[in-house]
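Values in this text are rule-based calculations from the coordinates and carry no lab data. Bear in mind that the values here come from a model prediction, so they are computed numbers and not experimental data. Don't worry about glycine lacking a Cβ; one is built from the backbone with ideal geometry, like all the others, and counts go over all protein chains shown.
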């Protein structure tokens, strides 16, 4: 494989790892928010209207930004009725082929998310609720997470292509 492909894979894997590990700490933010909600509602009898929605936004950011890292680590869900029986080279060939569809799907998703984010910015979109938060931050995070997943999918494509041809990228 050309040197720029190896550099691309190295840098994107590094980026996915950093943001994936950062996203993992989001679970503590979500737990803290839900704990605050439980304490203020049940102990102090002062329900906070924003806590549940903030926890939902945190969870969304958690799985969208962490998706690329999950894919990189191989911790994503896979339907493998026959896949486990194949050799590593055959698995790499199958993954190379299927990642073309994944990249197409992620490009479509990215186009939709950019459009949705532009709409949110143009019309100052807000969630219709008592708290009434702006949707812009979560939509920007959505675009970032999908972009990161797309870049990681291309990285996985190159790794699988190299593996299917018996080439090392390192």
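Express the Stokes-Einstein translational diffusion coefficient of region 14-132 in µm² s⁻¹, to the nearest whole number, given a Kirkwood radius over alpha-carbon pairs, 4 °C and a viscosity of 1.567 mPa s. D = 73 µm²/s. The mean sequence distance of close C-alpha pairs (under 8 Å, at least 6 residues apart), as a share of the length of the chain, puts its relative contact order at 33 percent.
Rounded to the nearest 0.05, what FRET efficiency do residue 52 and residue 84 give with R0 = 45 Å and r taken as the Cβ-Cβ distance? Could you check? It comes out at approximately 0.65. Extending 7 Å from the Cα toward the beta-carbon at both residue 103 and residue 42 defines two label points whose distance is 5.0 nm. Give the distance, in whole Å, between the Cα centre of region 130-170 and the Cα centre of region 30-58. Between the Cα centres of region 130-170 and region 30-58 lies a distance of 31 Å.
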